[in-house]
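Asker: Handing you a structure now.
Coordinate-derived values only; no laboratory data. Quick caveat: nothing in here was measured; it's all calculated off a predicted structure. Positions of Cβ are generated from backbone atoms using ideal geometry, with glycine treated the same way; all protein chains shown enter the neighbour counts.
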Amino acid sequence: MGGIIMKTILVCCGSGVATSPQVANKINDNLSNKGLDGKAKAIPKPIETAKSTVENDPSIIIYVGIAPADAELQEVLDKNDVFGTVGLPWLTGMGEEEANQKVEEIVNKY
């Protein structure tokens, strides 16, 4: 079988129904524009599921939180080699280009 395994960018906000889908859509649009949508996709989830999702899904390579990860979540990210960042650039537009470049750089490693 083989082939490329789709990588996941986990986007978490409070409930996973408003802010995180908005950020995930912007990330997915950029991946598509850069021709990387066959390698990775952003998915929104509620913040309370972040730790268990990262621990149980080896396809996750990036965690985007609306707030920075707390110490417990950061430990899980580090242990699972997941890059953590905040989603504000995709909400405000300030720093969005740089944030997209970082995502592209990480996706291109896989």
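Asker: Take every DSSP beta bridge whose two residues both sit in the chain, then give the antiparallel share in percent to the nearest 5.
Answerer: 0 percent
Asker: Once fully extended, how much extra length lies between Asp78 and Met94, figured as 0.36 nm per residue of separation less the alpha-carbon to alpha-carbon distance?
Answerer: Extra length available between Asp78 and Met94 comes to 3.1 nm.
Asker: Rg/Rh for region 39-96 to two decimals, with Rh computed the Kirkwood way over all alpha-carbon pairs.
Answerer: Answer for region 39-96: 0.95.
Asker: log₁₀ I(q)/I(0) of region 7-108 at q = 0.12, 0.17, 0.21 Å⁻¹, via Debye over equal Cα point scatterers, no solvent, to two decimals?
Answerer: For the requested q values the scattering log ratios are -0.32, -0.67, -1.05.
Asker: Right, here's the next one. Can you put Leu10, Leu91 in order, fewest other beta carbons within 10 Å first?
Answerer: Leu91, Leu10
Asker: While we're looking at this one, here's another question. Could you list Lys79, Lys39, Lys26 in order of exposure, starting from the residue whose Cβ has the fewest other Cβ atoms within 10 Å?
Answerer: Lys79, Lys39, Lys26
Asker: Can you tell me how much longer the chain between Asp70 and Glu55 gets when fully stretched, taken as 0.36 nm per residue apart minus their C-alpha distance, in nm with one decimal?
Answerer: Stretched fully, the Asp70-Glu55 segment lengthens by 3.8 nm.
Asker: For a quick check: sort Val107, Val11, Val82 by the number of other beta carbons within 10 angstrom, fewest at the front.
Answerer: Lowest to highest Cβ neighbour count: Val107, Val82, Val11.
Asker: Output wanted: per-residue J couplings in Hz (rounded whole) for region 34-47, from phi through Karplus 6.51 cos²θ - 1.76 cosθ + 1.60, θ = phi - 60°, x for Gly and Pro.
Answerer: 9, x, 9, 5, x, 9, 8, 9, 8, 10, x, 8, x, 4
Asker: A follow-up question, please. At 0.36 nm per residue, and after removing the present C-alpha to C-alpha distance, how many nm does the segment from Glu104 to Ile5 gain when stretched out fully?
Answerer: Full extension of this stretch gives 34.0 nm more.
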